[in-house]
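Participant: Structure below; questions to follow.
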Amino acid sequence: MRIIFLFLLIANASSGQNNTEIQKAELSINNYVTSVDNLTLDAALDINKRVTKTAALLNQKVSIALLDASGTIILITRADGVGPHNAEAARRKAYTALSTKTATLTLLRNAEKNPDTKNLNTLPELLLLSGGIPIWYKGNIIGSIGVAGGGNPENDDLIAKSAAIAELGITTTK
């Protein structure tokens, strides 16, 4: 009787170990944690210089906002003489571009054409004005830029697109 009990106890214990091993095998860190490429402060500072030079070539002074892939502000600058509202507009343009994975000028034009999406401008954080551009690396968004105060929608869009660091594979198009 003791032998049967001992045999059942051993069989039951080893069956429990198998379940634990199966559960451990099903658990993978890849199911719980992912790595995300992010724009860095160094990149944001370099992009800010490039974008400021582009604005100067157009005889414009602008506000610039750079966000990382999570939408967190890395850097906001406002050139001398640019209205204070432009800093917030730049941030919201950058957030809109990041959130929608679309340049804000394209988003604006597409939303106006479609009555089903025309109300996107009623969402509190989105700003459907040109000058917001997603920033890409290897097909993934690593951040975004918003430019405000460039004089007209085409300037804001053009200035923001100069955020690319092509020699490193950082682009403003997917």
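Computed from the coordinates by the stated procedures, all read-outs in this text should not be read as laboratory data. These numbers were taken from a predicted model, which means no experiment stands behind them. Methodologically, a virtual Cβ is constructed for each residue, glycine included, from the backbone with ideal geometry; neighbour enumeration extends over all protein chains shown.
Participant: When the dipole is taken about the Cα centre of the chain, and only Lys, Arg (+1) and Asp, Glu (-1) are charged at their Cβ, what size is it in debye, to the nearest 20? Don't jump to the answer; show the numbers that get you there.
Facilitator: Working: 17 positive and 15 negative charges, 21 e Å.
With only Lys, Arg, Asp and Glu charged at Cβ, the dipole is about 100 debye.
Participant: Also, quick follow-up: Mean-square fluctuation check for the chain, GNM, Cα pairs under 10 Å: which of Asn110, Asn140, Asn155 is largest?
Facilitator: Maximum fluctuation in the GNM of the chain, among the listed residues, is at Asn110.
Participant: Another question, if that's okay. Kindly count the pairs of lysines across the chain whose alpha carbons are less than 21 Å apart, treating pairs on different chains or eight or more residues apart as eligible.
Facilitator: Number of lysine pairs found: 21.
Participant: How big is the dipole moment of the range 111-174 about its Cα centre under a simple scheme where the beta carbon of each Lys and Arg is +1, that of each Asp and Glu is -1, and everything else is neutral? Debye, nearest 20, please. Mind showing how you got there, number by number?
Facilitator: Working: 5 positive and 7 negative charges, 41 e Å.
Dipole of the range 111-174, to the nearest 20 debye: 200 debye.
Participant: Which residue fluctuates the most in the chain, going by a Gaussian network model with Cα springs under 10 Å, if the choices are Ile73, Ile29, Ile64?
Facilitator: Ile29
Participant: Among Leu123, Leu41, Leu107, which one shows the highest mean-square fluctuation when the chain is modelled as a Gaussian network with alpha-carbon springs under 10 Å?
Facilitator: Ranking Leu123, Leu41, Leu107 by mean-square fluctuation puts Leu123 first.
Participant: Once you put a point 7 Å from the Cα of Lys101 and another 7 Å from the Cα of Glu88, both along the Cβ direction, what distance in nm separates them?
Facilitator: Distance between the two pseudo-spin positions: 3.0 nm.
Participant: Just to be sure I understand the model, the point goes 7 Å from the Cα along the line to the Cβ. What's the resulting Leu168 to Asn31 distance in nm?
Facilitator: 3.6
Participant: Among rounded, prolate and oblate, which fits the range 41-171 when a ≥ b ≥ c are the square roots of the eigenvalues of its C-alpha gyration tensor, a/c under 1.5 means rounded, and a/b larger than b/c means prolate? Walk me through the numbers on the way to the answer.
Facilitator: Values: a/c = 1.63, a/b = 1.22, b/c = 1.33.
Because a/c hits 1.5 or more and a/b fails to exceed b/c, the range 41-171 counts as oblate.
Participant: Follow-up. How far apart, in nm, are the 7 Å Cα→Cβ label points at Asn152 and Asp46?
Facilitator: 3.3
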